[in-house]
Amino acid sequence: MGRAFSEELDRLEHTLMWSASVALPAPAFAALDDLGLRVVIGSGGSFTVATALAAHESGSGRGFAHAMTPLQYAQRAEVLPRHSVLLISAEGKNRDILHAAATALRYAAACDVVTFSRASPLTAAVALSPSARVISFDPPWGWDGYLATNSLLASLVLGFRLQGSSVNGPLLSAFLALYRTTDKLNPVAAGVARTRRLLGLHGAHGLVAAVDLESKLAEAAFAFTQIADLRQFAHGRHIQLAATADPAPVIAFVSPHEGDLWRATRAELPSDVTVLECALPRDPVEAAIAGLLIVMGLVEKIALTLGQDPGQPAVPDFARNIHALDPARLLPRPVGTSPNPKVAALEADMSREDARQAGARFVERLARARFAALVLDFDGTMCETARRDDGLDERLVPIVAGLLQQGMTIAFASGRGDSLHTDLRNRLPPEIWPRCILGCYSASLVMTLTQLWPTTVPDPQLDAIQQLLERLGIRREHGFKLSSRVAQLTIRSKKGDGVDALFTLCSSLITGLVGWRVFRSAHSVDVLTPAAAKRTVVDALVSQFGMDPLTEVCRIGDRGEPHGNDFELLSEGLGLSVDGVSADADSCWFLGAPALGPVERAAHYLGSLVVNDGWARFDERVLKLWREQLA
């Protein structure tokens with residue numbers, strides 16, 4: 001999942017020096033003169049930075065700032081007073097920060113973004129807003145592993161500098177060296193490894209360290225950590241130290257401001273409790289950075305004691321699935337926005353009522369239609385993008401098999417190749433293979449599932465473009481995978497980011513090549529010659545069976561927006577999207593409950609078909625439901 005945690009810590013000194021001296025843009029953050037409130041937002045490890053910057057701004061007398069998680073902001077933004085937003089995100093791609101950004105563009109008077117990715121979904125989301133600004137840096141360390149380390153330290157230092165503070169890199173790096181190279185942390189590390197618990201105490205300047213302590217030990221699955229300030233600890237949090245024969249160890253982040261209070265508290269703690277005092281500087285900026293470095297040293301010590309590397313954990317499927325949930329779809333939408341993304345997309349050019357009427361007309365077309373065939377996208381539609389290696393989603397296997405067994409013809413129009421052929425052969429019974437058609441490599445190769453996989457030769461011009469991309473640095477050792485097949489060149493980022501920048505780069509490369517196109521999905525970019533088009537699958541059905549492509553073929557995909565890899569397929573006839581939509585009122589509609597995920601929506605569409613004598617129609621009850629939801 002990433003490089004070893006200790007190797008990441010080895011880079012911290014260089015990161016600290018770089019972030020303390022790299023040139024900054026001017027001016028810094030949006031002024032608070034007429035706003036009065038700044039909301040600083042970060043998710044996961046970035047919430048540590050949000051906490052630090054909000055506390056420092058509030059303590060400096062420049063105005064009041066408050067740290068929030070993306071969910072907290074999304075659910076409160078509408079009722080907040082006039083405010084600006086500062087978004088902290090190293091890579092700018094997780095769904096929570098994107099949801100917060102969309103909310104900020106609606107409610108905030110100004111929005112700043114600090115990131116280490118110049119091309120990301122977050123930067124793209126705010127790029128066109130006159131009230132937003134992106135402050136991006138090119139990180140010298142590359143990318144973090146599983147736990148935020150170098151990006152976290154750099155975000156903290158750069159954030160302080162953007163607020164007007166200076167940072168002494170050589171001095172602060174000594175804190176990391178002290179705690180990594182001595183045995184000061186060993187007793188607490190041993191206690192955490194033994195009890196899997198930790199109490200983290202702090203004063204005002206130790207809050208940043210305490211927040212990051214809880215974050216890192218939770219994300220590494222090392223320990224349950226309870227954090228409290230020195231007086232909140234005194235309100236019942238201390239009783240637990242007497243409730244077990246093996247109490248949790250205590251670590252206290254203490255600056256001179258609360259020295260006397262800490263010493264009086266320490267004197268009363270039971271003698272069998274392992275206690276470590278981490279002294280922090282008096283200056284709040286220095287205290288925050290020093291505390292962060294101490295926490296990283298402690299996590300390393302615990303990892304060595306446990307024999308586990310927090311940079312390379314085993315993340316279970318349920319954890320990935322929870323992380324991948326999209327709050328924008330699962331939370332109630334703000335007043336004044338449509339819950340249906342297609343209606344929302346049309347509202348740029350028409351009233352909401354007109355958009356709903358367009359949807360109602362489309363549903364009536366579906367009600368009249370009788371389908372002889374289905375044309376389905378695969379990745380993002382028939383399987384979750386994050387679990388594409390698992391193939392056809394298990395929930396869809398019986399639905400697809402059932403439709404084929406009832407005489408339907410089903411064609412898959414996909415950027416995939418032999419992996420799709422192998423997966424469907426493994427999941428579908430052989431007797432229905434003749435009615436299953438594959439349009440692989442964006443339909444530059446069309447075949448039935450009964451046929452053996454052929455030898456393919458890529459277009460020579462694709463090879464030339466691939467070689468040029470590799471010379472430009474888009475190659476395997478830099479985290480990219482390139483594959484040229486028939487009439488399609490696919491470029492994937494192994495980390496799943498940078499798709500916008502890849503799309504722009506590839507579009508520039510094919511300028512002047514007639515009939516060539518570049519499309520994108522959630523995880524990749526496809527360069528297509530004129531011989532590749534998902535609509536070719538529809539043409540093959542028309543040629544073989546004589547069906548009407550506009551009324552007798554139902555098309556389903558996930559990327560129906562302009563430049564999405566299903567845009568051409570869904571832009572004509574009766575096309576349904578499970579995710580991205582176009583702004584064409586007559587095609588590419590999104591139907592069903594807003595909270596459904598893409599694969600669940602595909603199951604909803606396919607499971608709503610009633611088949612008689614090899615022809616399918618949508619169930620009247622579902623059509624009625626769609627009419628009601630649009631209204």
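Against the test of being in a helix (DSSP H, G or I), among the aliphatic types (A, V, I, L, M) and surrounded by fewer than 13 Cβ atoms within 10 Å (Cβ to Cβ), the options I294, I302, I322, I289 yield a single qualifying residue, I322.
Applying the condition of being more than 17 Å from Y441 (Cα to Cα) and part of a helix (DSSP H, G or I) to the range 507-540 and asking which residue is nearest to the chain's Cα centre (by Cα) yields S507. In the set (1) buried (at least 17 other Cβ atoms within 10 Å of the Cβ); (2) in contact with a His (Cβ under 9 Å, 6 or more places away or on another chain); (3) among the aliphatic types (A, V, I, L, M), the condition left unmet by V126 is number (2). Of everything in the range 588-631 that is touching a residue at least 24 places away in the same chain (Cβ under 8 Å) and among the β-branched types (V, I, T), the residue that is nearest to L570 (Cα to Cα) is V599.
Assessment of the range 114-123 against the conditions (within 16 Å of G42 (Cβ to Cβ), part of a helix (DSSP H, G or I) and in contact with a Pro (Cβ under 7 Å, 6 or more places away or on another chain)) yields no matching residue.
Among the residues of the range 535-550, just one is buried (at least 20 other Cβ atoms within 10 Å of the Cβ) and in contact with a Phe, Trp or Tyr (Cβ under 9 Å, 6 or more places away or on another chain), namely V537.
Applying the condition of being of a type in the set (A, V, I, L, M, F, W, C) and more than 24 Å from the chain's Cα centre (by Cα) to the range 55-71 and asking which residue is surrounded by the most Cβ atoms within 10 Å (Cβ to Cβ) yields A65.
Kindly indicate the residue of the range 60-75 that is in contact with a Ser or Thr (Cβ under 7 Å, 6 or more places away or on another chain) and of a type in the set (A, V, I, L, M) and also farthest from A324 (Cα to Cα) among those meeting that condition. Checked the range 60-75; the qualifying residue farthest from A324 (Cα to Cα) is A65. Taking the range 61-118 as the search range and keeping residues that are among the charged types (D, E, K, R) and under 22 Å from G164 (Cβ atoms), which one is modelled with the highest pLDDT? Checking each candidate, the answer is D112. When A148 is tested against (1) outside the structural domain of L269 (by TED's automatic domain parsing); (2) in a helix (DSSP H, G or I), just one condition goes unmet, and that condition is (2).
Checking K216, K184 one by one, the residue that is under 19 Å from T149 (Cα atoms), of a type in the set (D, E, K, R) and in contact (Cβ under 8 Å) with a residue 12 or more places away in the chain is K216 and no other. Being free of Cβ contacts under 8 Å to residues at least 60 places away in the same chain and basic (K, R) is not true of R133.
Restricting to the range 574-595, name every residue that is of a type in the set (A, V, I, L, M, F, W, C) and either surrounded by 19 or more Cβ atoms within 10 Å (Cβ to Cβ) or not assigned by TED's automatic domain parsing to the domain that holds T551 (or both). Answer for the range 574-595, where residues must be of a type in the set (A, V, I, L, M, F, W, C) and either surrounded by 19 or more Cβ atoms within 10 Å (Cβ to Cβ) or not assigned by TED's automatic domain parsing to the domain that holds T551 (or both): L574, L576, V578, V581, A585, C588, W589, F590, L591. Restricting attention to the range 551-566, does a residue exist that is in contact with an Asp or Glu (Cβ under 8 Å, 6 or more places away or on another chain) and surrounded by fewer than 23 Cβ atoms within 10 Å (Cβ to Cβ)? Looking through the range 551-566, none of the residues is in contact with an Asp or Glu (Cβ under 8 Å, 6 or more places away or on another chain) and surrounded by fewer than 23 Cβ atoms within 10 Å (Cβ to Cβ). Candidates R416, R365: the one that is out of contact with any His (no Cβ under 7 Å at 6 or more places or on another chain), among the basic types (K, R) and without any contact (Cβ under 8 Å) to a residue 40 or more places away in the chain is R416.
Among the numbered criteria (1) assigned to a loop (DSSP other than H, G, I, E, B); (2) of a type in the set (K, R); (3) farther than 27 Å from V486 by Cβ, which single criterion is violated by R361? Going through (1) assigned to a loop (DSSP other than H, G, I, E, B); (2) of a type in the set (K, R); (3) farther than 27 Å from V486 by Cβ one by one, R361 breaks only (1). One residue stands out in the range 491-520 among those that are of a type in the set (V, I, T), surrounded by fewer than 22 Cβ atoms within 10 Å (Cβ to Cβ) and at pLDDT 90 or above: the one that is nearest to D389 (Cα to Cα), namely V518. Restricting the range 596-631 to residues that are over 32 Å from the mean Cα position of the chain (by Cα) and under 17 Å from Q405 (Cβ atoms), the residue that is surrounded by the fewest Cβ atoms within 10 Å (Cβ to Cβ) is D613.
One residue is enough: does the range 328-335 have a residue meeting the conditions within 30 Å of V157 (Cβ to Cβ), modelled with pLDDT under 95 and either crowded, with 22+ Cβ neighbours inside 10 Å or not assigned by TED's automatic domain parsing to the domain that holds I399 (or both)? Scanning the range 328-335, I find no residue that is within 30 Å of V157 (Cβ to Cβ), modelled with pLDDT under 95 and either crowded, with 22+ Cβ neighbours inside 10 Å or not assigned by TED's automatic domain parsing to the domain that holds I399 (or both), so the answer is no.
Considering only the range 454-477, I want to know if a residue exists there that is modelled with pLDDT under 90, of a type outside the set (D, E), assigned to a strand (DSSP E or B) and under 30 Å from P140 (Cα atoms). Taking every residue of the range 454-477 in turn, none turns out to be modelled with pLDDT under 90, of a type outside the set (D, E), assigned to a strand (DSSP E or B) and under 30 Å from P140 (Cα atoms).
If only residues of the range 170-211 that are farther than 16 Å from T51 by Cβ and in contact with an Asp or Glu (Cβ under 6 Å, 6 or more places away or on another chain) are counted, the one that is surrounded by the most Cβ atoms within 10 Å (Cβ to Cβ) is S173. Here E78, E57 are screened, and the one residue that is acidic (D, E) and either assigned to a loop (DSSP other than H, G, I, E, B) or in contact with a Ser or Thr (Cβ under 9 Å, 6 or more places away or on another chain) (or both) is E78. Quick check on the range 205-217. Is at least one of its residues modelled with pLDDT of 90 or more and over 28 Å from the mean Cα position of the chain (by Cα)? Yes - at least one qualifying residue is present in the range 205-217.
Among residues of the range 453-464 that are β-branched (V, I, T), those with a Cβ under 8 angstrom from a residue that is part of a loop (DSSP other than H, G, I, E, B), sequence gap 6+ or separate chain, pair up as T456/G417; T456/V486; V457/V486. Within the range 457-479, the set of residues being under 20 Å from R517 (Cβ atoms) and surrounded by 15 or more Cβ atoms within 10 Å (Cβ to Cβ) comprises P458, D459, Q461, L462, I465, Q466, L469, I474.
The values are calculated or read from the model by the stated rules, or taken from the named source; none is laboratory data. Keep in mind it's a predicted model, so treat the numbers as computed, not measured. For neighbour counting, all protein chains shown are included, and Cβ atoms are generated from backbone atoms with ideal geometry for every residue, glycine included.
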